[in-house]
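Participant: Pasting in a structure now, in structure tokens, and then I'll have a few things to ask.
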Amino acid sequence: MITRIFLTHPRSVEESYFEHAAFAGGFSIKLFGAAMAAAVHAVIPCLFEKTASRMIAEMYARTHNRGK
């Protein structure tokens, strides 16, 4: 049970539990930054015109095909 909850997924992307926690934690911070840029852009359209979409594209490129 513990292995399934904490280790199966990190192993599927060839990471230890702590490597995966660091990657996912950093990813969440970047997502928060993209969300903030999008929120500012919603109110002031001339600011951060492509920031959120660029950040999302970069994150997708980093995660696409992980563990395959």
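Read the figures in this text as sums done on the coordinates, not as results from a lab. Nothing here was measured: the structure is a model prediction, and the numbers come from that model. Note that we place each Cβ from the backbone using ideal geometry, even for glycine, and neighbour counts take in every protein chain shown.
Participant: Any idea how many residues of region 1-50 are aliphatic (A, V, I, L, M) and in contact with a Leu (Cβ under 7 Å, 6 or more places away or on another chain)?
Facilitator: The first filter runs over region 1-50 and keeps only residues aliphatic (A, V, I, L, M), leaving 1-2, 5, 7, 13, 21-22, 24, 29, 31, 34-40, 42-44, 47.
This time we only want the ones that are in contact with a Leu (Cβ under 7 Å, 6 or more places away or on another chain), so: 40.
Of the residues in that region, 1 qualify.
Residues are listed down the side, and each one gets a yes or a no for (1) under 14 Å from the mean Cα position of the chain (by Cα); (2) among the acidic types (Asp, Glu); (3) more than 23 Å from residue 65 (Cβ to Cβ):
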{"residue": "5", "(1), (2), (3)": "no, no, yes"}
{"residue": "9", "(1), (2), (3)": "no, no, no"}
{"residue": "18", "(1), (2), (3)": "no, no, no"}
{"residue": "24", "(1), (2), (3)": "yes, no, no"}
{"residue": "38", "(1), (2), (3)": "no, no, yes"}
{"residue": "48", "(1), (2), (3)": "no, no, yes"}
{"residue": "53", "(1), (2), (3)": "yes, no, no"}
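Participant: So which residues in region 19-68 are surrounded by 11 or more Cβ atoms within 10 Å (Cβ to Cβ), over 22 Å from residue 8 (Cα atoms) and aromatic (Phe, Trp, Tyr)?
Facilitator: Residue satisfying the conditions is 48 alone.
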